[in-house]
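See structure below.
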Amino acid sequence: MILEFLVIFLIIIVWLKELFPLFKENKKLGIFCLVFSVMHILLFYSMTLLAESEYMRVLIMAILIVPTLIYFILSCTYRRYNLKMKLFPSMILSMMSMFCLFIIFTLGFGSTNSADDAKIKADMDQIRSDAEVYKITNNAYALNIISIKGQCDISDSFLYVEGDANKACESIQKGKNRGELIININNLKEGDAKYCIQKELHSGFFCIDSTGYAGNKDGCDSVNYSCEKD
């Protein structure tokens, strides 16, 4: 964060240097440039917050600080810019910031979606483990046939309320991914006991079943109780 603040400080110094003289010459134009400059700084800071890696933060800073430095050098070299020339760099930098923000939002949402999908897979793996523990104790996955969508509180099954599997299921539903959740469990015992649970991810599906399968198949139904399609 120290590097980000240093970059912001540099940008503030550059624009204050230009805006004070501009305010004296034309207050309306000075305010206009100030708005663009503040937008530039805020967008820059928001991008650094969205970046999930040090590499991405450095890339953002490089994209935004280079034009500022170029303008600073040009400003020091050419002291006799007219007012329109003073306005132009501020607008260019602001538009560049918005363009960069669009890129980072795209990358940020992509990485966020991947992390969300990974969390869902981990929760479903927890459900799969808890289902086997429940079967060992009760000789079945559920006392009644279950075929529902989008609900986790299922009594007399391994998804009973307050159980670890139920909590993992609730975690899946409370995430950013609002994709469909399908749960099918039969009420048979021992080797005939079966279940499958399928969740729609940001990218495809993830399914677990009583055979131990955990993968991207999407065939979970109330006939075979398996992730395999008929």
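Here are the numbers:
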| read-out | value |
| --- | --- |
| Inter-site label distance for Asp221 and Lys119 at 7 Å from Cα along Cβ, in nm | 3.3 nm |
| Virtual spin-label span in nm between Ile148 and Ser203, 7 Å along Cα→Cβ | 3.2 nm |
| Karplus-derived 3J(HN,Hα), 6.51/-1.76/1.60, for each residue of the stretch 143-154, Hz, glycine and proline x | 7, 10, 5, 10, 8, 9, 10, x, 10, 10, 7, 10 |
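Read-outs throughout are calculated quantities, based only on the coordinates presented, and are distinct from any laboratory measurement. None of the values given here were measured: they were computed from a predicted structure. All Cβ positions, even for glycine, are placed from backbone atoms using ideal geometry, and neighbour counts span all protein chains on display.
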